[in-house]
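Everything below concerns the one structure shown next.
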Amino acid sequence: MTRAVIVGAGIAGLAAAAAAAPYFDSVVVLDKDALPDGPRPRKGVAQDRQVHILLKGGELWLEKLMPGTRAALLAAGAVEVRQTGDVSVWERDAWHPARDLGHSQLLMSRPAYEGVLRRQVLALGNVTIRDRTMVDVLPKGQADLIVVATGRGDRLLADVDVPATQLGIEVNYTSGRFAKPARYRGEGRFIACIPLPPDDRYGLVCPVENDEWLITLCSRFDNKVPTDLDGFRAHAGALPIPGIADRLAEARLLDSIGSYRIAEATWRHFERAIDKLPARVIPIGDCISSFNPTFGQGMSVAAGHAVALREALASAPDLGGVAAAYLPRAAEVSGQAWAMAAVTDLEYPRTEGERPPGFDKMVRGSEAIRRAAALHPEVHLLRFEIGNLMKPNAAARSGPAARLVAREMLRRN
């Protein structure tokens, strides 16, 4: 095995390069953008000015792929947020309890995440990144393995006929980057406001590098968030908690406020049509599954896919067998994230998509876990670990914590 080519230098492409590096003499990452030297937005990542969250599972997967990544993120200014000492979450009309869950997360802007990972990947020694390189067709004959990491708008594999699950979610999210007023400088608090459906508003305050905030306000369907500062502040003021509006009142906008719209969540089931893929070509990240971005799953799912790729390269008898070894593993990662996001998405009556059999029971089960988490620290921890892709969804159905959830579900039924 001599050469792997990765198309796309986003989080998925960089993680894929790290996964492939031990198995090839050279790994080449191609991207159409002029990649910045520092943590600056770039044209090819339309949503990179919005809040991005690296779930704990994603952080652990990146550390597995490239030991030292956590330290590199901290050195680049990532804000370490303790769960739940530095976190305030208003979910479905109640605050999450304040408990020490023994975990923390590292928060920074999407351009800063990418900048750190580019440096980590290049330090592997056999990886080259070529920017300003447009790839219109698969570079067959130029590599022993091709990984397509071109995101939700991928065209290289668009003609591959695979089954797909889609939801019409119509999510709009609008963000600005702000300098903190004097009274909040040094604060590393993450705030989330997630009202009970069908209320489709959503708000986040995310501390990032340089002691700044990324603040995101979300909506669905026809409820658009204004992009002028006064309208943005007014929208925050209408949320059911005051913390976001309070911080916005004196914060100084550092750039323009930008919006991004996601019409659909899509999961392409390549694992069901492995024979349809070109030989030695595999997808990764949003090319496989792209979710409602307000759940913060995309970067972490891409890291999980990359770990699945490394495991497939280690176990497959030859490169021809990598797809068959990799795609079912990647589907497990996508499936966990999809299940969590879809249950919430489908609670909104205007979301288009088939409600699965027993959907009402799924919603009741999700609510039972939330209520049990408020009462019992062990369920709170389990909910965090499942939501952060550290444990499978099945972990909620066995063990002591599962009995507490079942008791809560029976009590309400």
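Would you point out the residue of the stretch 109-140, among those that are loosely packed, with under 14 Cβ neighbours inside 10 Å and assigned to a loop (DSSP other than H, G, I, E, B), that is modelled with the lowest pLDDT?
Lys140
Of Ala34, Ala17, which residue is under 30 Å from Lys140 (Cα atoms), touching a residue at least 60 places away in the same chain (Cβ under 8 Å) and in contact with a Lys or Arg (Cβ under 8 Å, 6 or more places away or on another chain)?
Matching residue, one of Ala34, Ala17: Ala34.
When the residues of the stretch 288-307 are filtered to those that are among the hydrophobic types (A, V, I, L, M, F, W, C) and over 23 Å from Arg155 (Cα atoms), which remaining residue is surrounded by the most Cβ atoms within 10 Å (Cβ to Cβ)?
For the stretch 288-307, the residue satisfying everything is Val307.
Does Ile274 fit the bill of being among the β-branched types (Val, Ile, Thr), under 30 Å from Thr165 (Cα atoms) and either at pLDDT 95 or above or under 20 Å from the mean Cα position of the chain (by Cα) (or both)?
yes
Only residues that are within 16 Å of Phe295 (Cβ to Cβ) and either surrounded by fewer than 19 Cβ atoms within 10 Å (Cβ to Cβ) or not small (Gly, Ala, Ser) (or both): list them for the stretch 339-352, please. Can you show your working first?
Step one: list which residues in the stretch 339-352 are within 16 Å of Phe295 (Cβ to Cβ), which gives 339-348, 351.
Correct list: Ala339, Met340, Val343, Thr344, Asp345, Leu346, Glu347, Tyr348, Thr351.
Specify which of the listed residues (Ile369, Ile386) is crowded, with 18+ Cβ neighbours inside 10 Å, among the hydrophobic types (A, V, I, L, M, F, W, C) and either part of a loop (DSSP other than H, G, I, E, B) or without any contact (Cβ under 8 Å) to a residue 40 or more places away in the chain (or both).
Just one listed residue meets the conditions, Ile369.
Restricting attention to the stretch 141-171, report how many residues are in a strand (DSSP E or B) and more than 19 Å from Gly44 (Cα to Cα).
10
Could you say whether any residue in the stretch 144-158 is crowded, with 16+ Cβ neighbours inside 10 Å, touching a Phe, Trp or Tyr at 6+ places or on another chain (Cβ under 9 Å) and aliphatic (A, V, I, L, M)?
yes
Give the residues of the stretch 65-108 that are out of contact with any His (no Cβ under 8 Å at 6 or more places or on another chain), of a type in the set (D, E, K, R) and assigned to a loop (DSSP other than H, G, I, E, B), sorted by residue number.
Listed by number, the residues that qualify are Asp86, Arg92, Asp93, Asp100.
When you scan the stretch 115-156, how many residues do you find that are under 27 Å from Trp267 (Cβ atoms) and of a type in the set (Ser, Thr, Tyr)?
Total meeting the criteria: 1.
Among the numbered criteria (1) under 17 Å from Ala16 (Cβ atoms); (2) without any contact (Cβ under 8 Å) to a residue 12 or more places away in the chain; (3) acidic (Asp, Glu), which one does Asp144 miss?
Evaluating Asp144 over (1) under 17 Å from Ala16 (Cβ atoms); (2) without any contact (Cβ under 8 Å) to a residue 12 or more places away in the chain; (3) acidic (Asp, Glu) leaves (2) as the failure.
Could you check how many residues of the stretch 147-173 are of a type outside the set (Lys, Arg) and in contact with a Ser or Thr (Cβ under 7 Å, 6 or more places away or on another chain)?
Selection size over the stretch 147-173: 9.
List the number of the failed condition for Arg92; all other conditions in (1) modelled with pLDDT of 95 or more; (2) basic (Lys, Arg); (3) surrounded by fewer than 17 Cβ atoms within 10 Å (Cβ to Cβ) hold.
Condition not satisfied by Arg92: (1).
The values are calculated or read from the model by the stated rules, or taken from the named source; none is laboratory data. Computed from a predicted model, the values in this text were never measured in an experiment. Cβ: placed from backbone, ideal geometry, glycine included. Neighbour counts: every protein chain shown.
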